[in-house]
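**Student:** One structure coming up, written as structure tokens, with questions to follow.
The values are calculated or read from the model by the stated rules, or taken from the named source; none is laboratory data. Nothing here was measured: the structure is a model prediction, and the numbers come from that model. For neighbour counting, all protein chains shown are included, and Cβ atoms are generated from backbone atoms with ideal geometry for every residue, glycine included.
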Amino acid sequence: MTNLLNVESVLFYIVICLYFAAMIFYFLFVALKKDGVAKIAAGIQILGLLLHSVALVCRGIGAGRLPMTNQYEFSTSFAWGLCLVSLLFIWRFRFPVIGTFAVPVILLLIGYAAMQSKEVKDLMPSLRSSWLGFHVSTAIIAYGAFGVSFVLGIIFLVRDRMGKNAFWDQHVPAKEKLDLISYRSVCLGLLFLSFTIITGAIWAEQAWGSYWSWDPKETWSLVTWLVYAVYLHLRIRRGWRGRAAAVFAVAGFVCVMFTYVGVNTFLPGIHSYA
């Protein structure tokens, strides 16, 4: 088991180097305006995701549990989720510019993970539940989708500053298409965040005898859900599009990050382990 944890540690730092290399190539793609460079960047990102997956598997087997129970494990899983969802959107919409903005965020997340303790500890009794995998994995996908909506919101807000030229017209969709792609990523994220809250409530009732205790993490998860729910309501019922929707997507991800990092740092509670 110790050997697997050592392998995971080595792979973790290799993955950081691969994501850094992918970021450099994405930047070169934008600077040199060469499609071949974008393919190299995406290839490196895919390799990083594959090795990242292997690292998480090694961590899980080495620890004897799912690798989702502390700050280090969730941070690196969060980065994995954002990498996966961003690649899916890059492939689905033929939109490599997403990687130029997404990979730096992935690096920040995995860099945060690198600063956390990698020590493997026994699970506290409340975490010894089959609901752990459902609850945390849905949160990882939700946060990854919200991360993509954040990236798309940033691209939308800076689109006008990119100027009019053939490269940007080819590789960055029109604002209407950007808005639609961001909307789809928010829908995906809100769906999985709903699963996260529901499975968390069921798990909490089994572990602590109450579906909801207004723990800071629970409260801010609900705040985040409400922010994105308001986004969808205003879009569907009031026809909000464009810049206002992009700002909302960016603000929503700020709530996501506060729920994850800020609450653990400033508002400790029963979820302080993750």
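**Student:** Would you please list the contacts, defined by Cβ atoms under 6 Å and residues six or more apart or on different chains, that run from a residue in the stretch 198-220 that is among the β-branched types (Val, Ile, Thr) to a residue that is part of a helix (DSSP H, G or I)?
**Tutor:** Matching pairs, first to second residue: 199/131; 199/134; 199/135.
**Student:** Given the options 18, 49, 56, 28, name the one that is assigned to a helix (DSSP H, G or I), on the phi < 0 side of the Ramachandran plot and over 19 Å from the mean Cα position of the chain (by Cα). Show your work before the answer.
**Tutor:** Values: 18 fails: over 19 Å from the mean Cα position of the chain (by Cα); 49 fails: over 19 Å from the mean Cα position of the chain (by Cα); 56 fails: over 19 Å from the mean Cα position of the chain (by Cα).
Within the list 18, 49, 56, 28, the selection yields 28.
**Student:** Please specify each residue of the stretch 171-200 satisfying the condition of being among the aliphatic types (A, V, I, L, M) and surrounded by 17 or more Cβ atoms within 10 Å (Cβ to Cβ).
**Tutor:** Initially, the stretch 171-200 is screened for residues among the aliphatic types (A, V, I, L, M), giving 172, 174, 178, 180-181, 186, 188, 190-191, 193, 197-198.
Hits for the stretch 171-200 are 172, 178, 181, 186, 188, 190, 193, 197.
**Student:** Here is a further query. Can you name every residue in the stretch 100-130 that is part of a helix (DSSP H, G or I) and at pLDDT below 90? Lay out the reasoning, then the answer.
**Tutor:** Within the stretch 100-130, the first condition is being part of a helix (DSSP H, G or I), and the residues that meet it are 100-114, 125-127.
125, 126, 127 - these are the residues of the stretch 100-130 that are part of a helix (DSSP H, G or I) and at pLDDT below 90.
**Student:** Output the residues belonging to the stretch 57-71 that are touching a residue at least 12 places away in the same chain (Cβ under 8 Å) and either outside the structural domain of residue 7 (by TED's automatic domain parsing) or out of contact with any Asp or Glu (no Cβ under 7 Å at 6 or more places or on another chain) (or both). Walk me through it before giving the result.
**Tutor:** Narrowing the stretch 57-71 to residues touching a residue at least 12 places away in the same chain (Cβ under 8 Å): 58-59, 61-66, 68-71.
Residues satisfying the conditions are 61, 63, 64, 65, 66, 68, 69, 70, 71.
**Student:** Further question on the same structure: Out of 74, 78, report the one residue that is within 17 Å of residue 200 (Cα to Cα), outside the structural domain of residue 254 (by TED's automatic domain parsing) and buried (at least 21 other Cβ atoms within 10 Å of the Cβ). Can you show your working first?
**Tutor:** Details: 78 fails: within 17 Å of residue 200 (Cα to Cα).
After applying the criteria, what remains is 74.
**Student:** When you go through 149, 117, 137 one by one, which is the residue that is surrounded by fewer than 18 Cβ atoms within 10 Å (Cβ to Cβ), within 28 Å of residue 14 (Cα to Cα) and touching a residue at least 40 places away in the same chain (Cβ under 8 Å)? First the steps, then the outcome.
**Tutor:** Details: 149 fails: surrounded by fewer than 18 Cβ atoms within 10 Å (Cβ to Cβ); 137 fails: surrounded by fewer than 18 Cβ atoms within 10 Å (Cβ to Cβ).
From the options 149, 117, 137, the qualifying one is 117.
**Student:** Out of the stretch 67-109, which residues are among the small types (Gly, Ala, Ser) and under 27 Å from residue 4 (Cα atoms)?
**Tutor:** Taking the stretch 67-109 first, the residues among the small types (Gly, Ala, Ser) are 75, 77, 79, 81, 86, 99, 102.
Once the filter is applied, which keeps residues that are among the small types (Gly, Ala, Ser) and under 27 Å from residue 4 (Cα atoms), the stretch 67-109 yields 75, 77, 79, 81.
**Student:** Tell me, which residue of the stretch 35-71 that is among the charged types (D, E, K, R) and farther than 12 Å from residue 97 by Cα is surrounded by the most Cβ atoms within 10 Å (Cβ to Cβ)? Outline the logic, then answer.
**Tutor:** Taking the stretch 35-71 as the starting set, the residues that turn out to be among the charged types (D, E, K, R) are 35, 39, 59, 65.
Adding the requirement that they be farther than 12 Å from residue 97 by Cα leaves 59, 65.
Numbers: 59: 26, 65: 18.
My answer is 59.
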